[in-house]
Every structure is written in C-alpha cells, then in structure tokens.
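Values quoted throughout were computed directly from the atomic coordinates according to the rules given, and no laboratory measurement underlies them. Worth saying up front: this structure is predicted, and the values here are computed from it rather than measured. Cβ atoms come from the backbone with ideal geometry, glycine included; neighbour counts cover every protein chain shown.
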Amino acid sequence: MNVYDIWMDSNRKWARYVTIEGPVIPLIHEDVRTLFDRQPRIRIERDEKSTPCTSKAKPGDFSCLDHGPLPMFSERAKQVLEPYIGKSGQWLKLECDESPYWLFNVTNVIDALDESKSELLRFADGKVLRIARFAFHPERLRDQMIFGVSQRPLAHNLVTDEFVRLAEHHKLTGFEFKRVWSSEVAASTVKAA
C-alpha cells in the first residue's frame with residue numbers, strides 16, 4: 001500500500017487558475033467547511049503568470065486554486081471521482097470561462113498518522129507545523145481513497161493506490177502523485193516533498 005500527496009504537475013503542461021472574484025479561500029479547516037456550506041460564487045481565470053493563455057498549457061482535470069491547498073477538479077474528473085470520493089468531502093462549483101471546474105474540500109480527516117515513526121516539526125505550543133516524513137497505521141487506511149490527517153488537515157491531500165489507479169484508468173490529467181509513504185518501504189526512506 002502506498003500513500004501519495006497530490007500536486008499540480010510540475011512541467012506546467014496543464015493550466016493553473018486563480019480567483020478573480022469571490023471570497024478568499026481560508027487556511028483554517030473549520031473556516032473552509034463553513035465557506036463550502038455557504039456555496040459562494042467564486043470566479044476564476046487562468047493564472048497568467050504561471051500558465052498564460054499564450055502558453056501551450058491546456059485545461060487539465062486537476063489543479064489547485066491560487067496554488068493553495070484545496071484540489072480543483074474538472075467536470076469530467078468530478079463525474080469520474082464523485083461516486084468514489086463524494087462522501088469524503090464537499091464540492092463547490094467554480095465559475096470559469098475556459099472550462100467548468102469544481103473545488104473539493106476534503107472533509108475525510110482521519111487519525112492514521114503514526115506519530116512515533118513520522119518526523120514532525122512542531123510549534124512551541126506542540127501543534128504540528130510540518131510533516132517532514134510520513135508513517136501510517138496501515139489498518140486505518142483501509143477503504144480510504146482521499147483523506148487528510150488530523151495533525152495538518154489542510155496541508156496535504158493524501159490519496160491511496162486506489163485513487164491513483166482510478167485517475168490513471170480514466171486518463172485524468174494534471175496530477176502529479178508524490179509518494180509520501182509505502183507499507184513495503186521503511187518509512188525513513190520516503191520523505192515528504
């Protein structure tokens with residue numbers, strides 16, 4: 001079993017997007033959930049600094065709005081993924097002239113991180129600042145496709161092999177899967193990106 005952090009592709013083959021109108025996306029998990037519950041109108045457009053319209057970058061099936069922590073899926077990706085991950089989060093339709101997109105708030109936050117085998121950098125008050133190396137309790141990952149960890153719920157959009165296989169089977173674009181843990185490899189050899 002493997003766990004991956006999903007990122008936008010690093011070769012900029014796929015377009016990236018920014019908010020042009022609407023509320024600012026909060027960085028606190030509870031505030032994000034409240035935002036999604038309100039279903040605000042958020043307009044987005046291509047990030048001209050990162051992937052200008054004159055570039056060869058095309059709208060992909062995956063991106064991150066404002067290069068932030070929340071995954072953004074195309075209409076096609078939503079249709080493919082929703083039956084599998086729909087109960088793991090909230091969907092928010094975005095307004096985009098280039099292509100229909102949906103923001104996804106991962107609400108499936110689980111206590112699966114094995115802190116004794118992970119490498120955690122902490123604030124003075126003990127809260128987790130960063131997860132430098134992941135280790136998981138494998139039994140807590142059963143039946144999981146996409147999730148966050150309770151120590152840093154918005155910092156990582158973690159997925160398992162099932163999600164990767166589904167995305168690859170349907171040829172979904174824009175993803176870069178960075179493996180952060182493997183049950184078959186010693187945890188100390190797989191560092192977070």
Using a Debye calculation, one point per C-alpha and no hydration shell, please list log10 I(q)/I(0) for the chain at q = 0.14 Å⁻¹ in order.
-0.80
When only DSSP loop residues count, what chymotrypsin sites (Phe, Trp or Tyr not before Pro) in the range 11-64 have their Cβ near at most 11 other Cβ atoms within 10 Å?
none
Alpha-carbon centroids, the range 84-160 and the range 6-55: separation in whole Å:
18 Å
Roughly what angle does helix 29-38 make with the longest principal axis of the chain, taking Cα atoms, 0 to 90 degrees, to the nearest 10?
30 degrees
As straight-line cross-link partners of Lys127, the qualifying lysines (C-alpha separation under 22 Å, not fewer than 8 residues apart within one chain) are Lys117, Lys191
What are the residues whose amide H is under 5 Å from the amide H of Gly22, where those residues sit 5 or more places off or on another chain and H is modelled from the backbone?
Arg43
Only loop residues by DSSP count here, and only those with at most 16 other Cβ atoms within 10 Å; note down the chymotrypsin sites (Phe, Trp or Tyr not before Pro) in the range 102-156 that meet that.
Phe123
Using the Cα atoms of the range 88-193, I'd like the radius of gyration and the largest Cα-Cα distance, Dmax, both in angstrom.
15.3, 47
Restricting to Cα pairs below 8 Å that are 6+ residues apart, what does the relative contact order work out to for the range 2-189? Please round to a whole percent.
29 percent
How tilted is helix 75-85 with respect to the longest principal axis of the chain? Cα atoms for both, answer in degrees (0 to 90, nearest 10).
30 degrees
In the range 2-189 the DSSP beta bridges are antiparallel at a rate, in percent to nearest 5, of 85 percent
